[in-house]
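*Asks:* Sharing a structure, written as structure tokens. Questions coming.
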């Protein structure tokens, strides 16, 4: 026994501040979130059916869920081990409706519903932070929330089924819980933050550096104010679920793919894709292994919500010294953490050119700006009403200018790929062009041919071929990547597959399993494969018959 | 003639002067002890003299028709029978009883001073009496300034009522005296602090501690339909006499009360005949299924267990969510506790069963002395086994404060803690009762908080559970894990169950009860080795509620592996035993607990042991699969079940470890969080204990695996004088 052990009898009824943490959030937040959901669903309908836009990465997640339930070998592992699995898992119940509503898969509707739900959840989380943690006036909270919810990129991603908006919901959920914990000591909210963070890992790998930075934020916030054991304990409770999630993910990669880091270094991984040079742009090339260049590349995307620059500078002042404010620390560290993976990847030359990687600047910018206003509010509250109304109007205009700035920024060539074009055509009510914003472009002939030959057993790597696979009538005529026997048939197809569907080996299609296994097949230089048909288009598919001489 | 005059004329005459009748000894008409039913001032002012208790009436002599004020005064005492006497008789008798008019009656304090009470102590006692009420004699004995015999002698000097030392001069047993004992219940004798000592042809003589207290004599004279006289004696004398009289009966009741009242709830037999048949049928069906189709049978059984396990994981997740709320337990502000008026506080009984725990008595005494509760209203019973000579000797040497009473429990089977508690409960005087283990250090304000909880709730609240934690947390890894586990139990699980109005398996100590309710439902089951959990379920079945309050009792965490396994296996065995007992009539149980309560019972009582019994099986299967790829194993897990099993293995383990970390944090033990994350190692120990429990349930169901306390060094442990925190310092 230690020399002096103090027995602590918690006796006091909790103070008012902790009651704040347990009171119900106002219904207004739920209403705004509900309306946002409707807006995102309507936007999804508009984007899909009017301008024929589809986000490839979003629909491919739906495809993964589709394979889990309807492929030749239905199994959960079919969800894939490269991209984070949670979007597909959340889409499973909706994808199950495919026999009755094929569009949930063929049009990616399942993804739209999930992104709209989580987009609206993010709106709610933001409202909650503004109201509880920043303690802004109700009217301003409502105005800021609506402006955020209607930001062009937020609407686009709330509607397109991408995981980015889902991750933003997780970021905001994490902030909300963590700020409640730091402000009121509510353990329940700390646990909530931890689970939001873990859910974030299910959406995006960026959650790891984001969580790491927030652990530092916890330490810095509690440093000198609480015992070391409290902040280490809080950090463990906060980090445990995401560490567990990452551990499980690595375990499954090892168990099923026989490589614990399969998601990181497999042939389909982000690193492998960028290594093909398919996503290299002059801007990324300039940042490649150039610390300042990499930093500037990332910081430039702050223009997606331009007020983040002054707001960040303001908040930095409150991260140290006697002005230290946990809210500033969490928001500043979180903002940095959310972009840390991108910064690393762009430095290594392994980042894609997508603008969505930096979308977190929008909610983070909104929150940092709101924090600045919350800090200045006591000073302003002593001023005459007329000035206060004027200032409130200016504040709203400032937030609005951020949203306008989002659109303007996406129209810049370096920053707006690929969404600048989508937003522009969306506002102009014109159909999108090219395969980047419509992965189904040019696949109709392949689909029609497969449908016309239902008895043909076609092997296809869904890494590239998923748009074809999800639109054919009979999925089971395809031997797909997640099937247990895919690799076996790929190398020994005789008598087991009728044909191989091969995309032209350029860009990331070089990573297609057939192109890696039989690099000369597309050119027609594999002797046991005979060309059945070519399908000109962006992917330039060719269908090869497997001859009896095949291995 | 008016009605009053007629009644007065019909009032019988009595002489108050002692007289001789024939060869009989001197007949004394006036019983001194009855005369003090009213104060000497009132008696003189209203010209009256109570001279006897007879057939439920206070017999009062007056020379003139009693005034309205006199009637009102005596109405407050109870029924009165008026007698006429002469003025001279009345005056002479009053002088005989109360002394001369000019005499100033000596106050209690002055007489106590003559017996050695210091002026400072007297001033302190008077101040205390002013603040918290109570009798000066009780306060003086509670604070060890006087013995109970001193008090009896002082009262005798004040009133002239003779004393009788029952410790030295125990009345001879006789059939007549036994009949008198039977006129009142044991509880009544204890409540009135009164025992019969002699029986005459038309008079019963009782010994009592308080001559000014009248209900006992009124009641006895009423049921005996005769006169009741009183002599004075000490509190200890009364207890000794009651013990002599009721010991055998107490023992029988402590073993059979529940069996008598609710035989179906008693664990005297582990399995009923129908349960045995059901078990046999299940085994036969399983064997038949295995013969018929081994793979399908194994797969079904395995799937069932996986589903149960998944349900338990979900249940634990629900606990995390619900348990982290701060509103799901009763909390009282310091001001609320301080605003309680001490003078309104009832007697509170504390039962402390102890065996082989001589070394912790000092700390126990210190902890009880620090309780913020008037000591004269504490009724502490230290329950010691008769053959535990060492502890008994230590307790006697320790000169315990008078509010602590050593109660010797006869050494008869079953040798269990609940039997000792039942024995103590028979003697409890308190309106409320709680139990502490001998090594417990309760928060000083705990009794008052419990009282507040009862007062602020309706009568359906029968029990308030305080939280338990440990004071030797940092002793070793085992105590850290143990503390984290306790934190989950008392900070997450029980508050969650309380908030959801589900049955609460009570913790081993610091549960506070309404004494009457506890007696009515049969008290503790002496044959159940987790009598606390069982009692929680029985309370719920009887329509009562249990609440969890934010007050702590600190205990000694088990710091030795073998001792820990013994304790844990007893707990797990008790849970299985409790489950089997209450599942004798599942439909009836469902009706009593409701659907939610029924399933809550299954998850809390069966779920806890079953998880730890299943764990090693699944660990074995998983290890076998990785080591041998044995073909049978995939057959055990159909596709969906395989995923669920995998989720159980991974997410389940995480959820339980995380639960421990959150529980420790909620309890303020942030330093335990890193260790809590390592608790999967602790579960291997839990599984070991669970299998031991399962085997012992079949071989020795009621065997009590004693937990040895005092494994930490108790000598330097002292409770500091701080209001809401005890500091243990070396």
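The values are calculated or read from the model by the stated rules, or taken from the named source; none is laboratory data. What you see is a predicted model, and the numbers here were worked out from it, not measured in a lab. Don't worry about glycine lacking a Cβ; one is built from the backbone with ideal geometry, like all the others, and counts go over all protein chains shown.
*Asks:* Counting only residues that are touching a residue at least 60 places away in the same chain (Cβ under 8 Å) and surrounded by fewer than 24 Cβ atoms within 10 Å (Cβ to Cβ), which one in the stretch A:91-117 is farthest from the chain's Cα centre (by Cα)?
*Replies:* Among residues in the stretch A:91-117 that are touching a residue at least 60 places away in the same chain (Cβ under 8 Å) and surrounded by fewer than 24 Cβ atoms within 10 Å (Cβ to Cβ), the one farthest from the chain's Cα centre (by Cα) is A:106.
*Asks:* In addition: Limited to the stretch B:440-455, what total is found for residues that are more than 13 Å from every other protein chain (Cβ to nearest Cβ) and in contact (Cβ under 8 Å) with a residue 24 or more places away in the chain?
*Replies:* Filtering the stretch B:440-455 down to residues more than 13 Å from every other protein chain (Cβ to nearest Cβ) leaves B:447, B:450-451, B:453-455.
Next, only the ones that are in contact (Cβ under 8 Å) with a residue 24 or more places away in the chain stay: B:447, B:450-451, B:453-454.
Qualifying residue count, the stretch B:440-455: 5.
*Asks:* Related question: Only one of A:145, A:121 is under 13 Å from residue A:363 (Cβ atoms), in the same structural domain as residue A:54 (by TED's automatic domain parsing) and buried (at least 24 other Cβ atoms within 10 Å of the Cβ); which?
*Replies:* Working: A:121 fails: buried (at least 24 other Cβ atoms within 10 Å of the Cβ).
Residue meeting the stated conditions: A:145.
*Asks:* Anything in the stretch B:547-558 that is modelled with pLDDT of 85 or more and either in contact with a helix residue (DSSP H, G or I) (Cβ under 6 Å, 6 or more places away or on another chain) or over 24 Å from residue B:324 (Cα atoms) (or both)? List them, or say none.
*Replies:* Across the stretch B:547-558, the qualifying residues are B:547, B:548, B:549, B:551.
*Asks:* Now for a separate question. For the subset of the stretch B:323-345 comprising residues that are at pLDDT 85 or above, part of a loop (DSSP other than H, G, I, E, B) and surrounded by 15 or more Cβ atoms within 10 Å (Cβ to Cβ), which member is farthest from the other protein chains (Cβ to nearest Cβ)?
*Replies:* So the residue we want is B:345.
*Asks:* Still on this structure: Residue check: is residue B:595 part of a helix (DSSP H, G or I), farther than 28 Å from residue A:73 by Cα and either in contact (Cβ under 8 Å) with a residue 12 or more places away in the chain or in contact with a strand residue (DSSP E or B) (Cβ under 8 Å, 6 or more places away or on another chain) (or both)? Talk me through it step by step, then tell me what you get.
*Replies:* Numbers: part of a helix (DSSP H, G or I): yes; farther than 28 Å from residue A:73 by Cα: yes; either in contact (Cβ under 8 Å) with a residue 12 or more places away in the chain or in contact with a strand residue (DSSP E or B) (Cβ under 8 Å, 6 or more places away or on another chain) (or both): no.
The answer is no for residue B:595.
*Asks:* Here's another thing I want to ask about it. Filter the stretch A:216-238 down to residues that are facing chain B (nearest Cβ under 10 Å) and assigned to a loop (DSSP other than H, G, I, E, B), then give me how many there are. Can you show your working first?
*Replies:* Going through the stretch A:216-238, the residues facing chain B (nearest Cβ under 10 Å) turn out to be A:226-237.
Adding the requirement that they be assigned to a loop (DSSP other than H, G, I, E, B) leaves A:226-227.
Count: 2.
*Asks:* Still on this model: Within the stretch A:73-95, can you find the residues that are within 14 Å of another protein chain (Cβ to nearest Cβ), in contact with a helix residue (DSSP H, G or I) (Cβ under 6 Å, 6 or more places away or on another chain) and not in a helix (DSSP H, G or I)?
*Replies:* Once the filter is applied, which keeps residues that are within 14 Å of another protein chain (Cβ to nearest Cβ), in contact with a helix residue (DSSP H, G or I) (Cβ under 6 Å, 6 or more places away or on another chain) and not in a helix (DSSP H, G or I), the stretch A:73-95 yields only A:85.
*Asks:* Moving on to the next point. When you look at residue B:245, is it crowded, with 17+ Cβ neighbours inside 10 Å, modelled with pLDDT under 90, within 28 Å of residue B:386 (Cβ to Cβ) and out of contact with any strand residue (DSSP E or B) (no Cβ under 6 Å at 6 or more places or on another chain), yes or no? Steps first, please.
*Replies:* Working: crowded, with 17+ Cβ neighbours inside 10 Å: yes; modelled with pLDDT under 90: yes; within 28 Å of residue B:386 (Cβ to Cβ): yes; out of contact with any strand residue (DSSP E or B) (no Cβ under 6 Å at 6 or more places or on another chain): yes.
So residue B:245 fits the description; yes.
*Asks:* If you take the residues of the stretch B:537-570 that are surrounded by fewer than 20 Cβ atoms within 10 Å (Cβ to Cβ) and not in a helix (DSSP H, G or I), which of them is nearest to the other protein chains (Cβ to nearest Cβ)?
*Replies:* Per the criteria, the residue is B:559.
*Asks:* Also, I was wondering about something else. Right, residue B:695: modelled with pLDDT of 80 or more and either more than 25 Å from residue B:311 (Cα to Cα) or part of a helix (DSSP H, G or I) (or both) or not?
*Replies:* Numbers: modelled with pLDDT of 80 or more: yes; either more than 25 Å from residue B:311 (Cα to Cα) or part of a helix (DSSP H, G or I) (or both): yes.
Considered against the rule, which asks whether it is modelled with pLDDT of 80 or more and either more than 25 Å from residue B:311 (Cα to Cα) or part of a helix (DSSP H, G or I) (or both), residue B:695 comes out as yes.
*Asks:* Right, another one. Quick one: is residue A:185 at positive phi and within 14 Å of another protein chain (Cβ to nearest Cβ)?
*Replies:* Taking the combined requirement at face value, the residue satisfies it.
*Asks:* Of the residues B:371, B:351, B:317, only one is touching a strand residue (DSSP E or B) at 6+ places or on another chain (Cβ under 9 Å) and within 14 Å of chain A (Cβ to nearest Cβ); which?
*Replies:* On the way: B:351 fails: within 14 Å of chain A (Cβ to nearest Cβ); B:317 fails: touching a strand residue (DSSP E or B) at 6+ places or on another chain (Cβ under 9 Å).
Among B:371, B:351, B:317, only B:371 is touching a strand residue (DSSP E or B) at 6+ places or on another chain (Cβ under 9 Å) and within 14 Å of chain A (Cβ to nearest Cβ).
*Asks:* Is it true that some residue in the stretch B:499-517 is within 14 Å of chain A (Cβ to nearest Cβ), surrounded by fewer than 24 Cβ atoms within 10 Å (Cβ to Cβ) and in contact with a helix residue (DSSP H, G or I) (Cβ under 7 Å, 6 or more places away or on another chain)? Steps first, please.
*Replies:* Quick first cut of the stretch B:499-517, residues within 14 Å of chain A (Cβ to nearest Cβ) only: B:499, B:510.
With surrounded by fewer than 24 Cβ atoms within 10 Å (Cβ to Cβ) added as a condition, the list becomes B:499.
Then keep just the ones that are in contact with a helix residue (DSSP H, G or I) (Cβ under 7 Å, 6 or more places away or on another chain); that gives B:499.
Yes, some residue in the stretch B:499-517 is within 14 Å of chain A (Cβ to nearest Cβ), surrounded by fewer than 24 Cβ atoms within 10 Å (Cβ to Cβ) and in contact with a helix residue (DSSP H, G or I) (Cβ under 7 Å, 6 or more places away or on another chain).
*Asks:* Please enumerate the residues belonging to the stretch A:247-276 that are within 14 Å of another protein chain (Cβ to nearest Cβ), in a helix (DSSP H, G or I) and within 21 Å of residue A:78 (Cβ to Cβ). Explain how you work it out, then say what you get.
*Replies:* Just the residues of the stretch A:247-276 that are within 14 Å of another protein chain (Cβ to nearest Cβ), to begin with: A:247-256, A:258.
Then keep just the ones that are in a helix (DSSP H, G or I); that gives A:247-256.
The answer is A:248, A:249, A:250, A:251, A:252, A:253, A:254, A:255, A:256.
*Asks:* Moving to a separate point now. Take residue A:293 and decide whether it is assigned to a helix (DSSP H, G or I), surrounded by fewer than 18 Cβ atoms within 10 Å (Cβ to Cβ) and more than 18 Å from the chain's Cα centre (by Cα). I'd like the intermediate steps shown before the answer.
*Replies:* On the way: assigned to a helix (DSSP H, G or I): yes; surrounded by fewer than 18 Cβ atoms within 10 Å (Cβ to Cβ): yes; more than 18 Å from the chain's Cα centre (by Cα): yes.
Spelling it out, residue A:293 is indeed assigned to a helix (DSSP H, G or I), surrounded by fewer than 18 Cβ atoms within 10 Å (Cβ to Cβ) and more than 18 Å from the chain's Cα centre (by Cα).
*Asks:* Looking at B:391, B:349, can you tell me which residue is modelled with pLDDT of 85 or more, part of a helix (DSSP H, G or I) and under 30 Å from residue B:254 (Cβ atoms)?
*Replies:* Numbers: B:349 fails: part of a helix (DSSP H, G or I).
Within the list B:391, B:349, the selection yields B:391.
*Asks:* Here are A:490, A:531, A:501: which of them is touching a strand residue (DSSP E or B) at 6+ places or on another chain (Cβ under 7 Å), in a strand (DSSP E or B) and crowded, with 16+ Cβ neighbours inside 10 Å? Step through it out loud before you land on a result.
*Replies:* Working: A:490 fails: in a strand (DSSP E or B); A:531 fails: crowded, with 16+ Cβ neighbours inside 10 Å.
Exactly one residue qualifies, and that residue is A:501.
*Asks:* Then there's this: How many residues are more than 19 Å from residue A:263 (Cβ to Cβ) and either assigned by TED's automatic domain parsing to the domain that holds residue A:508 or crowded, with 18+ Cβ neighbours inside 10 Å (or both) when one looks only at the stretch A:70-90? Explain how you work it out, then say what you get.
*Replies:* Step one: filter the stretch A:70-90 for residues more than 19 Å from residue A:263 (Cβ to Cβ), giving A:70-74.
Still in the running and either assigned by TED's automatic domain parsing to the domain that holds residue A:508 or crowded, with 18+ Cβ neighbours inside 10 Å (or both): A:71-72.
Total satisfying the criteria: 2.
*Asks:* Hey, residue B:407 hits all of (1) crowded, with 24+ Cβ neighbours inside 10 Å; (2) touching a helix residue (DSSP H, G or I) at 6+ places or on another chain (Cβ under 7 Å); (3) closer than 22 Å to residue B:347 by Cβ but one; which does it fall short on?
*Replies:* (1)
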